[in-house]
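Trainee: This is the structure, below, for whatever I ask next.
The values are calculated or read from the model by the stated rules, or taken from the named source; none is laboratory data. Owing to the predicted nature of the structure, the values given are computational and were not obtained by experimental measurement. Methodologically, a virtual Cβ is constructed for each residue, glycine included, from the backbone with ideal geometry; neighbour enumeration extends over all protein chains shown.
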C-alpha cells in the first residue's frame, strides 16, 4: 500500500513535468500536454486528390550495387506521408496535420503511432527495411478527401494560390498550425471532443470574410469558426505486428508480449494511474464496471474477455473505445493472462 | 624502507615516463536524462555556455555544463523534430534545427523555459520518404546558413507522394537524389531564402565554416566516394556524386548523369573537384562527421578535427594551401582510449579547454549513442605536430624533441597510391608505389624527408617507427597520410 502511494506520487510528478520521449516505441501525450511528433506517418489510403502539392514517386528499375547496373524488376514506392506532424492527446485523440498540403489528413482514437519499425528495438536500433513507416494504433474514424476544404468568400482557397506552411505555436500545450495563401493567414487547431469518434476543430483566417470548412454542416462564420466532426469507424489498427512463435503459454512469455505490444503505454503493473486501469493488484480482486450495480471479480474469464473485447466491460472512470482488440493466437492470450495473474498480489 | 621506495617512485615517474595520453586528455561520458534515448543528432552552445542537445527522436535538452559528467541539470527545451541533425543556438531561448523536411526556429516566447513557437525558417528541398535524407547546418557569417542535404539510400524506398518534384533519373542507382537538392550544399540567407551552392555529395553528415570563412564538409565512403574525403566547398563546384546533377540546369551532358559519368570516367575526373584531403577508410576514418577547427589556445589550434561516425576515432587534419589548392595530412587525434563510436558532432567550449562530441549510429549498426567530453588537461602529448609538403618531399614536425634515430632515413617508409572514385562502394588504392627516402634536413623537433618520385595527384603514406621523445614521452601516432593535390614550386 505504502509502495503504491509512493509510486502514485512519483507518477504524478512525472506527469507534471514535460514527459520526454523514451525507448517506449508507442509514445503518448496527454489531454493537458499533447505530444507533437514529426515523423514519417502511414497513409491509410487517402484519396489522391488530397495531394496536389506533392509529386508522385514512381517505380525505379531494380539496381544491383554489386555490379553497378539496373537489373530485372522494379522497386515500387510505398505508402507514407513525408512532411507531416502527428499529434496525440492520449487515448482521446490522435491526428495527422500535413505541412505540405496544410490540412488535416486523418484522425484516430485509442492509441497513437507504433514507432518500432522506424526507431527499432532499443538494443538493436535497426529499422525495418523498406517497411519502416510507423504503424497506427487505435480506431481510425476520419480521413481527408477531395481538395483543400477551406473556403473564403465562398471560394476554395486552392483558387487563390499555393498553401504555404509557416509553423505552429502552442496554446497551453495544444499546437495551433499556421499557413498562408498569398498574404492571407490561416490557423487550424484540433482538440478532442467529449463525443466518441469525434474531434473539435477551430479554423481562423480571412478576418472580415465568410470562412467555411467545406463538407461540414454549420462550419461557417466570419474570421473564425469552431466545429465538431464526428466520424465513423474506418479501420482498427494494432501497431506493428511482430512474429511470435510460442509453443507453450507462460507468464514469462506473457511479460514479453506485454512489452512487445506496448500494453505498458496505458496499463501500469504497479497500481499507479495511467491511461488504462492498472494491472497491479487486479487479478482475483473486485472491479467496478460502468452500468453494473455490483463489482465483478477479475478472474481468468474476465481478464481474457477484457483483452479480446475491451469494450465488453468498461472499468468505472475509464472511457470506452480506447483499447484496440488484439487479434492474437490463444497461446498469446493465455500467456498475457498468466502474466497479469502474477501481478495480482502486491509484493 | 617502504616509504622511501614509494616516494622515490612518485618522484621518478614524471621524470622518466614523460607525458602520456592520460596526462593530456580526459574522456568522460556525459549522462543525458535518464530514460532518454541518447541518440545525439546535433549539439551547440549558447553564448552564455548553455549546451543544447538535439536527440533524433525529437527532443531538445539544454543544461549548463557541470564539472560532474553525471551532474548536468537537463531541461527539455523543445520537442517534435524529425531526425534533427543540425542545430544553431541563437540564444538560450531560441534555436534553429534542420530536420528532415525543413529548418525550424523554436523559441520560448513566454519565458517558461520551453519552446512554444515553432516557425519554419527555411525549406525548399524535397523529402522522398527515404530514411536517409538528413540535413545539417553551419552559420554563413551573415545571419544565414550553409546546409548539407544528404541523399537517399537504395536500402529504402520513396513514397508514392513525395514532398517536392520527383526525378526518375535521380532515383536511379545506389545513393540517390529523387527529390530536390539531395546531395547538395545549399545556402539559406538570413531570411531563410534557399539557393543551391555546390553539388556532388553523397552523405556530407556535417558542414563547417571555419573562422577564416572557408567552408568544409566531409562525406561518407561509398558510391562515387573512394575513401572518406574532406572537401573545401566552393560555390558552383561539383564534388563527385553524379545523382545530384539531375537538379543542375547547367548540367546538359545527359539526362542521366549517373550513367553518363559511369561511361565517361575521364570527363568525370575533369568535371569534379577532388577532396582537399583523402582519409583512408580503414586506417583513419570510416565515416566523416562534422569538421571542427581546434580553437586558439589549443596546441593544435587552426588544425581540423573530423569525427569518425563508424569508429572509436577522431581524425586530426593538418591543412595547407599550395598555390590555390587546399590539401594536407591526416592522422588520429584520438583512437580508442574510451572514446565511443558514432562520433559525428563536435563543439569546443568557449574557453577551448573542453571538446564535446555527439554520437549516434542508431539505424546504421549496433547503437553507439551518447555524448562524451574530452578535457584538455594541459600537457601536449608527443605527436606529429604537422606535415607539410616541400618541393621534394615532406617536413614532419613533432610536438617534442625527437631522438637521434628518427633522423635516420632507414626509420622511414613512404609509399603512395591513387584513388579513383566510381560507382562501386568505395575504391581500393590503385597504382601503389614505394618511394626511396633520404633525410634532407633535421631539427630538434622535425625531419625533412626527400621523397624520390614525388608527384601530384597521389596520397602519400608516411610512416616512422614508434619511439619516445627526448623528454621520454611515448609517440602517439607514427603514421600520417598526405594528399598531394599539387606540388609546391621549388
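Results for (1) within 21 Å of residue B:228 (Cβ to Cβ); (2) surrounded by 22 or more Cβ atoms within 10 Å (Cβ to Cβ), shown as yes or no for each residue.
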| position | (1), (2) |
| --- | --- |
| B:320 | yes, no |
| B:323 | no, no |
| B:345 | yes, yes |
| B:362 | yes, yes |
| B:371 | no, yes |
| B:383 | yes, yes |
| B:410 | no, no |
| B:417 | yes, no |
| B:427 | yes, no |
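Trainee: Filter segment B:68-83 down to the residues that are over 22 Å from residue B:111 (Cβ atoms) and at the interface with chain A (Cβ under 9 Å from one of its Cβ atoms), then identify the one that is surrounded by the fewest Cβ atoms within 10 Å (Cβ to Cβ).
Mentor: B:82
Trainee: Any idea which of B:88, B:47 is more than 9 Å from every other protein chain (Cβ to nearest Cβ), outside any strand (DSSP E or B), in contact (Cβ under 8 Å) with a residue 12 or more places away in the chain and within 24 Å of the chain's Cα centre (by Cα)?
Mentor: When all the criteria are applied, what remains is B:47.
Trainee: Check off (1) facing chain B (nearest Cβ under 7 Å); (2) buried (at least 16 other Cβ atoms within 10 Å of the Cβ) for residue A:56 and give me the number that stays unchecked.
Mentor: (2)
Trainee: Also, I was wondering about something else. Just one of B:395, B:433, B:407, B:413 is under 23 Å from residue B:305 (Cβ atoms) and out of contact with any helix residue (DSSP H, G or I) (no Cβ under 8 Å at 6 or more places or on another chain); which is it?
Mentor: On inspection, the qualifying residue turns out to be B:395.
Trainee: Check B:339, B:305 and return the single one that is under 14 Å from the mean Cα position of the chain (by Cα) and away from chain A (no Cβ under 14 Å).
Mentor: When all the criteria are applied, what remains is B:305.
Trainee: Is it true that some residue in segment B:121-142 is in contact with a helix residue (DSSP H, G or I) (Cβ under 7 Å, 6 or more places away or on another chain), part of a strand (DSSP E or B), at pLDDT 95 or above and within 14 Å of another protein chain (Cβ to nearest Cβ)?
Mentor: Scanning segment B:121-142 turns up no residue that is in contact with a helix residue (DSSP H, G or I) (Cβ under 7 Å, 6 or more places away or on another chain), part of a strand (DSSP E or B), at pLDDT 95 or above and within 14 Å of another protein chain (Cβ to nearest Cβ).
Trainee: Just a yes or no: is a residue in segment A:119-131 outside any loop (DSSP other than H, G, I, E, B) and either surrounded by fewer than 20 Cβ atoms within 10 Å (Cβ to Cβ) or touching a residue at least 12 places away in the same chain (Cβ under 8 Å) (or both)? Spell out the reasoning first.
Mentor: First, the residues of segment A:119-131 that are outside any loop (DSSP other than H, G, I, E, B): A:119.
Narrowing the set further to residues that are either surrounded by fewer than 20 Cβ atoms within 10 Å (Cβ to Cβ) or touching a residue at least 12 places away in the same chain (Cβ under 8 Å) (or both) leaves A:119.
Yes.
Trainee: Taking residue B:255 as the residue in question, decide whether it is touching a helix residue (DSSP H, G or I) at 6+ places or on another chain (Cβ under 9 Å), assigned to a loop (DSSP other than H, G, I, E, B), assigned by TED's automatic domain parsing to the domain that holds residue B:132 and surrounded by fewer than 18 Cβ atoms within 10 Å (Cβ to Cβ).
Mentor: The answer is yes for residue B:255.
Trainee: Filter segment A:32-60 down to residues that are at pLDDT 95 or above and within 17 Å of the chain's Cα centre (by Cα), then give me how many there are.
Mentor: 13
Trainee: One residue is enough: does segment A:65-77 have a residue meeting the conditions within 13 Å of another protein chain (Cβ to nearest Cβ), surrounded by 20 or more Cβ atoms within 10 Å (Cβ to Cβ) and assigned to a loop (DSSP other than H, G, I, E, B)?
Mentor: Yes, there is a match, as at least one residue in segment A:65-77 is within 13 Å of another protein chain (Cβ to nearest Cβ), surrounded by 20 or more Cβ atoms within 10 Å (Cβ to Cβ) and assigned to a loop (DSSP other than H, G, I, E, B).
Trainee: Let me ask something additional. Among the listed residues B:262, B:272, B:316, identify the single one that is closer than 19 Å to residue B:217 by Cβ and over 13 Å from the mean Cα position of the chain (by Cα).
Mentor: B:272
Trainee: Check B:86, B:113 and return the single one that is under 21 Å from residue A:171 (Cα atoms) and in the same structural domain as residue B:150 (by TED's automatic domain parsing).
Mentor: Of the residues listed, the single one that is under 21 Å from residue A:171 (Cα atoms) and in the same structural domain as residue B:150 (by TED's automatic domain parsing) is B:113.
To keep it simple, each residue is scored yes or no on (1) at pLDDT 95 or above; (2) part of a loop (DSSP other than H, G, I, E, B); (3) in contact with a strand residue (DSSP E or B) (Cβ under 7 Å, 6 or more places away or on another chain).
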| residue | (1), (2), (3) |
| --- | --- |
| B:378 | yes, yes, no |
| B:386 | yes, no, yes |
| B:415 | yes, no, yes |
| B:420 | yes, yes, yes |
| B:439 | yes, no, yes |
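Trainee: State yes or no: is residue A:97 within 12 Å of another protein chain (Cβ to nearest Cβ), more than 25 Å from residue B:36 (Cα to Cα) and surrounded by fewer than 21 Cβ atoms within 10 Å (Cβ to Cβ)?
Mentor: no
Conditions (1) at pLDDT 95 or above; (2) over 25 Å from residue B:305 (Cα atoms); (3) in contact with a helix residue (DSSP H, G or I) (Cβ under 8 Å, 6 or more places away or on another chain); (4) within 14 Å of another protein chain (Cβ to nearest Cβ), marked per residue:
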site: B:185; (1), (2), (3), (4): yes, no, no, no
site: B:192; (1), (2), (3), (4): yes, yes, no, yes
site: B:203; (1), (2), (3), (4): yes, no, no, no
site: B:206; (1), (2), (3), (4): yes, no, no, no
site: B:209; (1), (2), (3), (4): yes, no, no, no
site: B:221; (1), (2), (3), (4): no, no, no, yes
site: B:228; (1), (2), (3), (4): yes, no, no, no
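Trainee: Scan B:400, B:428 and give me the residue that is part of a loop (DSSP other than H, G, I, E, B), without any contact (Cβ under 8 Å) to a residue 60 or more places away in the chain, away from chain A (no Cβ under 14 Å) and over 25 Å from residue B:490 (Cβ atoms).
Mentor: Numbers: B:400 fails: without any contact (Cβ under 8 Å) to a residue 60 or more places away in the chain.
Checking each option against the conditions leaves just B:428.
Trainee: If I filter segment B:143-174 down to residues being more than 10 Å from chain A (Cβ to nearest Cβ) and assigned to a loop (DSSP other than H, G, I, E, B), which single residue comes out as surrounded by the most Cβ atoms within 10 Å (Cβ to Cβ)?
Mentor: Filtering first and then ranking leaves B:151.
Trainee: Same structure, new question: May I ask you to list the residues in segment A:142-192 that are outside any strand (DSSP E or B), in contact (Cβ under 8 Å) with a residue 40 or more places away in the chain and away from chain B (no Cβ under 14 Å)?
Mentor: A:145, A:146, A:147, A:148, A:149, A:153, A:154, A:158
Trainee: Restrict the check to segment B:101-116 and report whether at least one residue is surrounded by fewer than 21 Cβ atoms within 10 Å (Cβ to Cβ), in contact (Cβ under 8 Å) with a residue 24 or more places away in the chain and either within 23 Å of residue A:131 (Cα to Cα) or at the interface with chain A (Cβ under 9 Å from one of its Cβ atoms) (or both).
Mentor: Within segment B:101-116, one or more residues are surrounded by fewer than 21 Cβ atoms within 10 Å (Cβ to Cβ), in contact (Cβ under 8 Å) with a residue 24 or more places away in the chain and either within 23 Å of residue A:131 (Cα to Cα) or at the interface with chain A (Cβ under 9 Å from one of its Cβ atoms) (or both).
Trainee: If residue B:65 satisfies all but one of (1) more than 12 Å from chain A (Cβ to nearest Cβ); (2) under 25 Å from residue B:309 (Cβ atoms); (3) part of a strand (DSSP E or B), what's the number of the condition it fails?
Mentor: Failing condition for residue B:65: (3).
Trainee: Return the residues of segment B:353-372 that are modelled with pLDDT of 95 or more and either more than 18 Å from the chain's Cα centre (by Cα) or not assigned by TED's automatic domain parsing to the domain that holds residue B:57 (or both); say none if nothing qualifies.
Mentor: Selection gives B:353 alone.
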